[in-house]
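Participant: First the structure, then my questions, so here it is.
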Amino acid sequence: MTNSVTMERVVALCKRRGFIFQSSEIYGGLASAWDYGPLGVELKCNIKNAWWKAVVHERDDVIGLDTSILMHPLVWKASGHTDNFTDILVDCKKCKKRFRPDQFGNQCPQCGSKDFTDGRPFNLMLKTYLGAVEDESGLTYLRPETAQGIFVNFNNVLDATHRRLPFGIAQIGKSFRNEITPGNYTFRTREFEQMEIEYFTRPKDAEKVHEEWIQERFQWYLGLGLRKENLRLRKHGKDELAHYAAGCTDIEYNFPFGWSELEGIANRTDFDLRQHSKFSGKDLQYQDQVTKERFFPYIIEPSGGVDRAALAFLVDAYQEEEVKGELRVVLRFSKQLAPIKVAVLPLLKKNSDIVHMAQRIKKDLQKHFVCVYDDTAAIGKLYRRQDEIGTFYCVTVDVQSLEDKQVTVRDRDTMQQQRVSVSGLKDYLVEKFS
């Protein structure tokens, strides 16, 4: 078995098996924009569901929110994005391509020229216009992060839920950034999906709470199957911190292109609520019901990317091994994340009795598991297909099944097979997935 994986192999599998497609491919594609296929959308749903279950449903101190992508322009003025959310870029005078100075040496990576313009700031927010006339009165932005929607709803959530500190608000949603140099497949794109928590706490407890969230988020990735040797924590240096942050630690994954951020856990201090109070004129202070003290809570923010998580789980699950002289590619997803849990396969597609029995079994199982039915190839090839997409169990209906009412259940990881009665098949699989 080999665990060395290249991005080329992962990208090829994702296209071949329907995880990820190039956006607008029939028109030549749109750079750094991607569509999730039938299996990719299942994987993303499983990641988001696992996250929501862990941070909302299994905790008493976090509740959910789903805020609008479009927000009042003053939101971004208050947050600092309008003035400070920029990259410093230079233009190659020869080929006219634009780059960040930190992403090349003294030579243009496109044409080799060494003649550049001076660095200039470019705002990374994507603009749009509301209304029929495209003028400054209708200017707004596609949100560059989901966090601000949580902050501006702080009083609404308090009034509706009567929460007491500490508590958190969780959100999953799309964000947009006009990245000048996107790349590394789905890792850095202009349209992406975030999983964010804004956890409000008393200032004196912020440092302790910050550390607790770092450890909890690290364990979440391990619990869903990422290998520990491919994960690490990296604390930001003082020169890396955002102007509002008292500290930040990244959870990084060792992708084929190197160690890169999966999630950042930041101590945002009380900057956000103070800023929105100042710009909106609304008091966003928290009042202690016992002491009647009013203050701005500190905010701990675990912020991860759905797309980056999906890519990490794909890369980590990808394995190749030799079986009877042939290469077997298998995605060893965890039980929670595997897009397909069970595949039902008839041994002989021309035998109508076997086909009908297999279809009945699939119809019954799909009430409890995500299932597929496939009769488009010989059984060996069907097994390899299911291995490549990470399906945990294959249920094969054969001639003997018509007589003894038993089927063969094949395990993805061990490839071992076991005969199981049709009447007990659902309970057998429920136990396996429990």
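Participant: Does K363 satisfy being part of a loop (DSSP other than H, G, I, E, B), without any contact (Cβ under 8 Å) to a residue 12 or more places away in the chain and more than 30 Å from F271 (Cα to Cα)? Let's see the steps before the verdict.
Facilitator: Values: part of a loop (DSSP other than H, G, I, E, B): no; without any contact (Cβ under 8 Å) to a residue 12 or more places away in the chain: yes; more than 30 Å from F271 (Cα to Cα): yes.
Here the answer is no, as K363 does not meet what is asked.
Participant: Moving on. Being assigned to a loop (DSSP other than H, G, I, E, B) and either more than 16 Å from S68 (Cα to Cα) or among the β-branched types (V, I, T) (or both) is the filter here, so list the residues in the stretch 126-145 that pass it.
Facilitator: Narrowing the stretch 126-145 to residues assigned to a loop (DSSP other than H, G, I, E, B): 130-135, 143-145.
G131, A132, V133, E134, D135, listed by residue number.
Participant: If you don't mind, there's one more thing I want to ask. Need the failing condition index for D283 against (1) assigned to a loop (DSSP other than H, G, I, E, B); (2) under 28 Å from D307 (Cα atoms); (3) of a type in the set (D, E), just the number.
Facilitator: For D283, the failing item is (2).
Participant: Which one of these is part of a strand (DSSP E or B), on the phi < 0 side of the Ramachandran plot and polar (S, T, N, Q): Q148, Q215, Q194?
Facilitator: Details: Q148 fails: part of a strand (DSSP E or B); Q215 fails: part of a strand (DSSP E or B).
Only one candidate qualifies: Q194.
Participant: Restricting to the stretch 226-268, and then to whatever is aliphatic (A, V, I, L, M) and more than 29 Å from A317 (Cβ to Cβ), can you tell me which residue is modelled with the lowest pLDDT?
Facilitator: Residues of the stretch 226-268 aliphatic (A, V, I, L, M): 226, 231, 233, 241-242, 245-246, 251, 262, 265-266.
If we keep only those that are more than 29 Å from A317 (Cβ to Cβ) as well, we get 241-242, 245-246.
Details: L241: 89, A242: 85, A245: 92, A246: 93.
The qualifying residue modelled with the lowest pLDDT is A242.
Participant: Scan V11, V56, V5 and give me the residue that is hydrophobic (A, V, I, L, M, F, W, C), part of a loop (DSSP other than H, G, I, E, B), crowded, with 16+ Cβ neighbours inside 10 Å and in contact (Cβ under 8 Å) with a residue 24 or more places away in the chain. First the steps, then the outcome.
Facilitator: Numbers: V11 fails: part of a loop (DSSP other than H, G, I, E, B); V56 fails: part of a loop (DSSP other than H, G, I, E, B).
Selected residue: V5, the only one of V11, V56, V5 that is hydrophobic (A, V, I, L, M, F, W, C), part of a loop (DSSP other than H, G, I, E, B), crowded, with 16+ Cβ neighbours inside 10 Å and in contact (Cβ under 8 Å) with a residue 24 or more places away in the chain.
Participant: Now a separate question. Pull up the stretch 74-88, narrow it to residues that are crowded, with 18+ Cβ neighbours inside 10 Å and not β-branched (V, I, T), then point me to the one that is nearest to G138 (Cα to Cα).
Facilitator: Step one: filter the stretch 74-88 for residues crowded, with 18+ Cβ neighbours inside 10 Å, giving 75-76, 78-79, 81, 85, 87.
Now drop any that are not not β-branched (V, I, T), which leaves 76, 78-79, 81, 85, 87.
Working: W76: 15, A78: 18, S79: 20, H81: 18, F85: 20, D87: 25 Å.
Among those residues, the one meeting the criterion is W76.
Participant: Can you find, within the stretch 406-434, the residue that is nearest to T391 (Cα to Cα) among those that are touching a residue at least 40 places away in the same chain (Cβ under 8 Å) and basic (K, R)? Working first, answer last.
Facilitator: Just the residues of the stretch 406-434 that are touching a residue at least 40 places away in the same chain (Cβ under 8 Å), to begin with: 407, 412-413, 415, 422, 425-426, 429-430, 432-433.
Among the residues that remain, those that are also basic (K, R) are: 412, 426, 432.
Working: R412: 7, K426: 16, K432: 13 Å.
Applying the filter and picking the extreme gives R412.
Participant: Please find, among V323, V344, the residue that is of a type outside the set (D, E, K, R) and either modelled with pLDDT of 95 or more or in contact with a strand residue (DSSP E or B) (Cβ under 7 Å, 6 or more places away or on another chain) (or both).
Facilitator: Details: V323 fails: either modelled with pLDDT of 95 or more or in contact with a strand residue (DSSP E or B) (Cβ under 7 Å, 6 or more places away or on another chain) (or both).
Only one candidate qualifies: V344.
Participant: Given the criterion within 24 Å of L39 (Cβ to Cβ), within 25 Å of the chain's Cα centre (by Cα), surrounded by 15 or more Cβ atoms within 10 Å (Cβ to Cβ) and among the polar types (S, T, N, Q), identify the matching residue among Q366, Q319, Q359.
Facilitator: Working: Q366 fails: within 25 Å of the chain's Cα centre (by Cα); Q359 fails: within 25 Å of the chain's Cα centre (by Cα).
Residue meeting the stated conditions: Q319.
The values are calculated or read from the model by the stated rules, or taken from the named source; none is laboratory data. Being a predicted model, the structure only gives us computed values, none of them experimental. Backbone-built Cβ (ideal geometry, glycine too); neighbour counts: all protein chains shown.
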